[in-house]
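Just so it is clear, none of the values below were taken in a lab; they were calculated from the coordinates. Note that this is a predicted model, so its numbers are computed, not measured. In this analysis, Cβ positions are derived from the backbone assuming ideal geometry, glycine residues included, and neighbour counts consider all displayed protein chains.
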């Protein structure tokens, strides 16, 4: 069987989504990168969360900040909620899965930190509670969402940043969220270090 047509259609779908997303997302990427830069300049940190594949993207962002993105530079403070299996299962067992992010955030999040919340699917209670907890702790919020996620956008304050990818296919949403994460890393590096090498 020749799979060329399937592969070519997927490539074209990705290209179309990228082209159609530049204008709707560019300003939000700039605002989100600036919000995170300001937090880091104030000795605050970036805390990231997501479910499933979005948890992997959260770890990608944290990895890029703690280690490096495109060039060598000092490590930047970031961590991913829900990355410790023992903690996640303990919280889920005692208080429920909806608290796995918010409980950690109450313990580790501080005013001036930024929560980067990633959601390529529909809203879930654990993400909604994480956003509410971040607001209670006077943290900045950057939300990567999608057209199917109607609930979480209602929680956003004017100072928060929501980047909504307007496509129905989850694979395209994940690809766009990955691009946005890479843009955040590049903007943070540029803002903090310029041409540092």
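For Cα pairs less than 8 Å apart in space and 6+ apart in sequence, what is the mean separation divided by the residue count of the chain, i.e. the relative contact order in percent? Computed value for the chain: 26 percent relative contact order. Spin-label model, residue 85/residue 63: points 7 Å from Cα along the beta carbon direction are separated by 1.7 nm. Note on residue 191 and residue 5: the model spin-label points, each 7 Å out from Cα along the C-beta direction, lie 4.7 nm apart. Across the range 50-122, the relative contact order, built from alpha-carbon pairs under 8 Å that are at least six residues apart, equals 34 percent. Straightening the chain between residue 148 and residue 97 buys 16.2 nm, computed as 0.36 nm per residue apart minus the Cα-Cα spacing. Using R0 = 30 Å, the C-beta based FRET efficiency linking residue 73 and residue 12 works out to 0.25. The simple Förster model, with R0 at 22 Å and r as the Cβ-Cβ distance, assigns residue 171 and residue 26 a FRET efficiency of 0.50. May I ask you to list the residues of the range 102-120 whose amide nitrogen lies under 20 Å from a point 7 Å from Cα along the Cα→beta-carbon direction of residue 42? Counting only backbone N, you get 105-117. Relative contact order of the range 107-152, taken over Cα pairs closer than 8 Å and 6 or more residues apart, is 53 percent. Over the chain, dividing the summed -39,500 (n - 2.57) contributions of all DSSP H runs of at least 4 residues by the number of residues returns a 222 nm mean residue ellipticity of -18500 deg cm²/dmol. The length gained on full extension between residue 34 and residue 138, counted as 0.36 nm times the residue separation minus their Cα-Cα distance, comes to 35.7 nm.
Can you classify the chain as rounded, prolate or oblate using the Cα gyration tensor, where a ≥ b ≥ c are the square roots of its eigenvalues, rounded means a/c under 1.5, and otherwise it's prolate if a/b beats b/c and oblate if not? Cα axes put the chain in the oblate bin.
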